[in-house]
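What follows is a short report on a single structure.
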Amino acid sequence: MSIENGPVEELKNYAGGEWIAPERHGLLDVRQPSTGDLLARVPLSVAAEVHRTIGRAKEAFAEWSATPVARRCELLWQLANRLREHAEDLARLVTRENGKSLPDARAEVKRALENTEVACGMPVLQQGDKLVGASFDIDGEVLRVPLGVFGMIAPFNFPLMVPFWFFPYALATGNTCVVKPSEQVPLSMTKLAELIDQCGFPPGVFNIVHGDRRAAEALLDSPDVAGISFVGTSRVGRIIAARSAETGKRFQAFGSAKNHLVAMPDAKLDDMVRNMITSCYGCAGQRCMASSAIICVGDETCDNVSRRFIEASQQVVVADPLDPRVADEAMVMGPVISARSRQFILEMIQTGLDEGATLALDGRGLVVPGCERGHFLGPSVFTGVRPGMKIHQTEIFGPVVVILKAGSLDEAIRIINDHPYGNGASIYTQNGYYARRFKLEVRAGMIGINVGIPAPVAPLPFGGLKASLMADTKAQGKAAIHFFTEQKIITERYWPET
Ligand code: NAD
C-alpha cells in the first residue's frame, strides 16, 4: 500500500491470506482530516463478503488451535519485530488518516507493540489450574480453551491500537479473527495486514473485512462468530450487546466517555494545569480517555484553575500535525475527524450557550492557513457549568472542556458517580486521604491520581464502568485471556488396579 503521493488506491479485504478485490457494491472516500485530500477508497463489504471471510477464519481454526502455543507466539513475535521496523511509517499513516499529532500516533504504535509483546507471554498466561485431591482420589482441573472465530469492530480514534487490545490475545490463545476497521480510518489496519502477511501466519488466522455498519452487522449475526469485541459509541455498543445476546455469542462493548478531573485546593497548580491540557486536547479531545470535565473543589480553586487553564488553552498550537514546523512538538492539536463531527461539536457549543453556561474561551471559527478544508477547531472552555446540563452529560468528543464547581470532595464524587459514563476519572491532590477515598468511591473503571490520562499499560486491564463498558471483561493483559478462552473444569478419578 502506497499512500505517500501515490495514486488513490481502492483498498481490498484480506481474507484467507489473500487480498480480495471487493464486489462492486460501493466505495467510500477516505479523506485526510487536516487537508481534505483524498487518501483512498474503502470498500463497503456486503454480508456475503463478510460471511466468506468468516468462512476462511473458521477453516483455519482447527489447525491453528492445535498449533503449540509457543509456535503461535513465535509468529506474534515476528509481528512485533515488523512493528518495530515500521513504527515510524505506521505512526505517520495514523496521523495522516486520523489527524492526531505524530507523538500521539507514535504512542499509539508503541501501545500496539506492547500488547503484542504481552500476548507473547501466553505460554505462561494461559496456564490453567489444577487442584490435586479435590476429593478422595479425585483431582480437579481447569482448562482454558479457545472458542473459534472472533469478530472485532473498531472505532476511528485509534485506528491501529484498538484492534491490538484484542487480536494478539485472540490469536495467541488459539482463536482466529476477522477485524472490521472503522470505515473512516481503514489504512493503518490495511498496512498492518501487509505486515502480518509477511510473518508466516497460516492463511485465515487473521483477516480484515472493510465496511460500515452492514459489515459489522454481518459479523454480529453470523452463527460462526463465537464472540465480538467492539469499541465505539455506547449507542452502538447497546446494539452490539443486544444482537450478540440474540445470536448466543459472547461480547465486550467498550463505549463512550466523559472523563472528569477533580482539582483539590492542595493540588500543585502548575503541574496540574500542564497535565490537564494534554489530557483535554491531545487527539483534539477524541481519546476515550480524554478529560472533558473539570470539577474544582472550592471557590478559590475554581477561580485559580479556571484562569490558569484558560490561559494555557489559549497557548495550544492548532496545526496540521504533519507540518514539519510542529510535527515533533509534544502538544500540537490537529483537526477532528470529519466535517460531520465538527458540525456536532459546534452544535454542542451552541447548546452550552443556550443552557446559560459561559463560553470563556471560544474555539469556533479558527482557520489553519493552508488547511482551509481541514476540520479544525480551537480549544473551547465553558465555565459556570452545572451537572444537569447537556454539555456535561454528553460526550462531545472534541476540544471542548466544561468547568464545574463543587463545595467538597463528597460533592465532586457525587457528580462523577451520577454521570452515566464511567470510563476514567482523576484527582489532583497531594493528600493521601483524599486520593484513597477517590479511588475507592468513584464509579469509573480507570482512576488517576495526579495523572490526567489514566490509561493502563498493556499488561494491565483496560476498560470502564457503567455505560462506558457493556460486558464484564476488560481488554488487554490477563483480562483478555478470560474473554478469548472458555473454561472447562475437569473432575477426574481413577480406581486402583486390582
Ligand atoms: P461508532 O460507534 O460510530 O463506530 C464504531 C464502529 O462501529 C465502526 O467500525 C462502525 O462502522 C461500527 N458501527 C457503526 N454503527 C453500527 C451499527 N449500527 N451496528 C454495528 N456496527 C456499527 O464510534 P466512533 O465514532 O468510530 O468512535 C468514537 C467512540 O468510540 C467514542 O464514543 C469513544 O468514546 C469510543 N471509544 C471508547 C473506548 C473505550 O475504551 N471505552 C476506546 C476508544 C473509543
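Determine the calculated [θ] at 222 nm for the chain from helices alone, applying -39500 (n - 2.57) to every DSSP H run no shorter than 4 residues and normalising by the residue count; nearest 500 deg cm²/dmol. Dividing the helical sum by the residues of the chain leaves -11500 deg cm²/dmol. Of all the accessible heavy-atom surface of the chain, with the other protein chains kept in place and a 1.4 Å probe, what percent is carbon and sulfur? Percent of accessible area from carbon and sulfur atoms in the chain: 51.
Over 20 Å apart at the Cα level, from the set LYS258/LYS390; LYS12/LYS180; LYS58/LYS130; LYS439/LYS466, are LYS58/LYS130.
Put the Cα centre of region 271-347 next to the Cα centre of region 222-265 and the gap is 26 Å.
Taking packing as the residue-averaged number of other Cβ atoms within 10 angstrom, the listed peptides 353-363, 316-326, 464-474 run from highest to lowest as 464-474, 316-326, 353-363.
Tell me, what are the semi-axes, in whole angstrom and largest first, of the equivalent ellipsoid of region 344-389 as set by the roots of 5 times the Cα gyration tensor eigenvalues? Provide the component values of the computation, followed by the final result.
Values: eigenvalues 121, 21, 9 Å².
Equivalent ellipsoid semi-axes, largest first: 25, 10, 7 Å.
Label positions at ASP299 and ALA339, each projected 7 Å from the Cα along the C-beta direction, are separated by 4.9 nm. For the peptides 153-159, 305-311, 487-493, 374-380, the ranking by mean Cβ contacts within 10 Å, running from highest to lowest, is 153-159, 374-380, 305-311, 487-493.
Each label point was placed 7 Å from the Cα along the Cα-to-Cβ direction; for ALA66 and ASP354 their separation is 6.3 nm. Working from Cα pairs under 8 Å separated by at least six residues, relative contact order for region 152-257 is 26 percent. With Cβ to Cβ distances under 13 Å as the rule, what net charge do the other residues near ILE310 carry (K, R +1; D, E -1)? Result for the local shell: -1.
When the chain is described by a simple charge dipole with +1 on each Lys and Arg Cβ and -1 on each Asp and Glu Cβ, the residue from THR429, ALA216, ILE413 located farthest towards its positive end is ILE413.
Per residue, how large is the accessible surface of the chain? Use a 1.4 angstrom probe and give square angstrom. Don't skip to the end; give the middle numbers.
Details: 20270 Å² over 498 residues.
The answer is 41 Å² per residue.
Between ALA330 and ALA47, the C-beta separation translates, for a Förster distance of 56 Å, into a calculated FRET efficiency of about 0.80.
Over all directions, average the projected area of the Cα convex hull of the chain and note it in nm². All intermediate terms of the calculation are to be shown ahead of the outcome.
On the way: hull surface 102.5 nm².
Result: 25.6 nm².
Using C-alpha pairs below 8 Å separated by at least 6 residues, the relative contact order for the chain is 18 percent. Centre-to-centre, using Cα atoms only, region 62-115 and region 128-149 are separated by 34 Å. Mean sequence separation of contacting Cα pairs (under 8 Å, at least six apart), scaled by the length of region 259-449, corresponds to a relative contact order of 28 percent.
When the Cα gyration tensor is reduced to axis lengths a ≥ b ≥ c, the ratio a/c is 1.5 or higher for region 296-344, and with a/b not above b/c it is classed as oblate. Working from label points 7 Å from Cα in the Cα-to-Cβ sense, the GLU347 to ARG437 distance is 4.0 nm. For region 13-103, trypsin sites (Lys or Arg not before Pro) are listed when DSSP marks them as loop and at most 16 other Cβ atoms sit within 10 Å of their Cβ; the list is ARG24.
The values are calculated or read from the model by the stated rules, or taken from the named source; none is laboratory data. Because the structure is predicted, anything quoted here is derived from the model rather than measured. FYI the Cβ positions are ideal-geometry reconstructions off the backbone, even for glycines, and counts take in every protein chain you see. Keep in mind that these areas ignore ligands, DNA and RNA; they rest on the heavy atoms of the full protein, side chains included. Shrake-Rupley method; radii C 1.70, N 1.55, O 1.52, S 1.80 Å.
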